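Reviewing the structure listed below.
The values are calculated or read from the model by the stated rules, or taken from the named source; none is laboratory data. Computed from a predicted structure; not experimentally measured. All Cβ positions, even for glycine, are placed from backbone atoms using ideal geometry, and neighbour counts span all protein chains on display. Side chains included, ligands, DNA and RNA excluded: accessible areas come from the protein's heavy atoms. Shrake-Rupley method; radii C 1.70, N 1.55, O 1.52, S 1.80 Å.
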Amino acid sequence: MSVSIDLKNPAESVDSAGRSAKSAAKPNLIGMDRDELSAALEQLGVPAKQLRMRVSQIWQWLYVRGVTDFSEMNNIAKGLRSDLAERFSVKRPEVIEEQVSSDGTRKWLFRFPSRGEGKAVEVETVYIPEENRGTLCISSQVGCTLNCTFCHTGTQKLVRNLTAEEILMQLIVARDRLGDFAVSTVQRSNQDKDIDGRKVSNIVMMGMGEPLYNFDNVKKALLIAIDGDGLALSRRRVTLSTSGVVPGIVRTGEEIGVMLAISLHATRDELRDELVPINKKYPLRELLDACRNFEGLSNARRITFEYVMLKDVNDSLEDAKELVALLRGIPAKINLIPFNPWPGSGYACSDWEKIEKFADFINQCGYASPIRKPRGRDILAACGQLKSESEKLRIKERLALENSVTSV
Ligand code: SAH
Ligand code: SF4
């Protein structure tokens, strides 16, 4: 059974267009890089020679201690604290729903205020606990400009890019809710230095949207997430997934340095053009060249190739053979994803037996080929199910509400 907790904050005023006036008012320090933080302090009159020290103190409060109020920053003079509070914010965004699946998966529905003219947007983030790690699946856009035919997000138009603050807030709020900030302030005894008792040990940019079409914001957020003096996630535990935006792949290696996952799904251009239409712009040869040249690629730092199992479309033994031939020479892991169906998709998930045969074959060829277990299906948190379904439910709820109002 899944549990749903309504976390709507009645104190937050949201206007009829869904704009949240309170949180839109002051710029949030979360999501600013060190230079921006320094400029913010300079504006408040902090002397030039103190800037570095103050930035580093605030960085610790924000990202090691996870404070939600300036009054907690007790090594900063009261005057500066109140100046900061007047001009800036460290508040969390509104979380309108938290759902917990029977398998422990959690899903949060965030509402982020409007930026400029648009309306407030809703974004989903999923937490997947496993025995030896906890993975947070983060969204980078609301909707997507690409139209992969098997992906429900692809049927939604792009609403907007998320800002660096909004991308990072998904991690910060998950850490709040899971108690990770409290853990980082006490002595930890875990032997694995990377995990260090954390609930969120891994991040995957595999939520809604194409992260490489929002490169600057994703880069900024991830660089803060892996900053050793703050959130300090291991860069080997942060994975960015792309449908194959070749120029962005090169920049990811050079400028961010996190792990890479490619949504491959087909081994021939003809089929990939159909399933992942960005293939027409960056065909397989170019994509795989970019992978081969990916900065820092080695057997210890492999690229993950995601492959969704679509019945009678890409799941034959012949496909498996082509896959192995295609990836020859690239340090790779292959992640088989059983297709998560959605109404009207026109696809079905391959039979389990077929998925296992496919996996066995690529395993024999020397590839680790885990089959991704669908998690959190009861709360619509599995790959490709994000947002769209819950949006539909919300529309239904709204209609029901409207009907009940008009019938009074
Ligand atoms: N836009 C990026 C990241 C988000 S999608 C990308 O495409 O890589 C995360 C993964 O879920 C991708 O590999 C995507 O192809 C896969 N996916 C999308 N819809 C799915 C569905 N219905 N069933 C299974 N996997 C799906
Ligand atoms: Fe966009 Fe990724 Fe879905 Fe393709 S699979 S439509 S790139 S979110």
Only one of (1) modelled with pLDDT of 90 or more; (2) touching a Lys or Arg at 6+ places or on another chain (Cβ under 9 Å) is not met by residue 183, so which one is it? (1)
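Yes/no per residue for (1) near ligand 1 (Cβ under 10 Å from one of its atoms); (2) within 18 Å of residue 242 (Cα to Cα):
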position	(1), (2)
136	no, yes
140	yes, yes
146	yes, yes
161	no, yes
175	no, no
179	no, no
Is there a residue in the stretch 145-164 that is open to solvent by 20 Å² or more (accessible area, probe 1.4 Å), on the phi > 0 side of the Ramachandran plot and away from ligand 2 (no atom under 16 Å from the Cβ)? no
Keeping to the stretch 122-144, report how many residues are in contact (Cβ under 8 Å) with a residue 40 or more places away in the chain, open to solvent by 10 Å² or more (accessible area, probe 1.4 Å) and of a type outside the set (Ser, Thr, Tyr). 7
Qualifying residues in the stretch 224-248 (those that are open to solvent by 50 Å² or more (accessible area, probe 1.4 Å) and within 30 Å of residue 284 (Cβ to Cβ)) - the one nearest to ligand 1 (Cβ to nearest atom): 247
Look at the stretch 35-66 and say how many of its residues are open to solvent by less than 20 Å² (accessible area, probe 1.4 Å) and aromatic (Phe, Trp, Tyr). 2
Do any residues in the stretch 351-367 that are in the same structural domain as residue 299 (by TED's automatic domain parsing) and in contact (Cβ under 8 Å) with a residue 40 or more places away in the chain have Cβ atoms under 7 Å from those of residues that are exposed (fewer than 14 other Cβ atoms within 10 Å of the Cβ) and assigned to a helix (DSSP H, G or I), where the two are at least six apart or on different chains, and which pairs are they? 357/317; 361/317
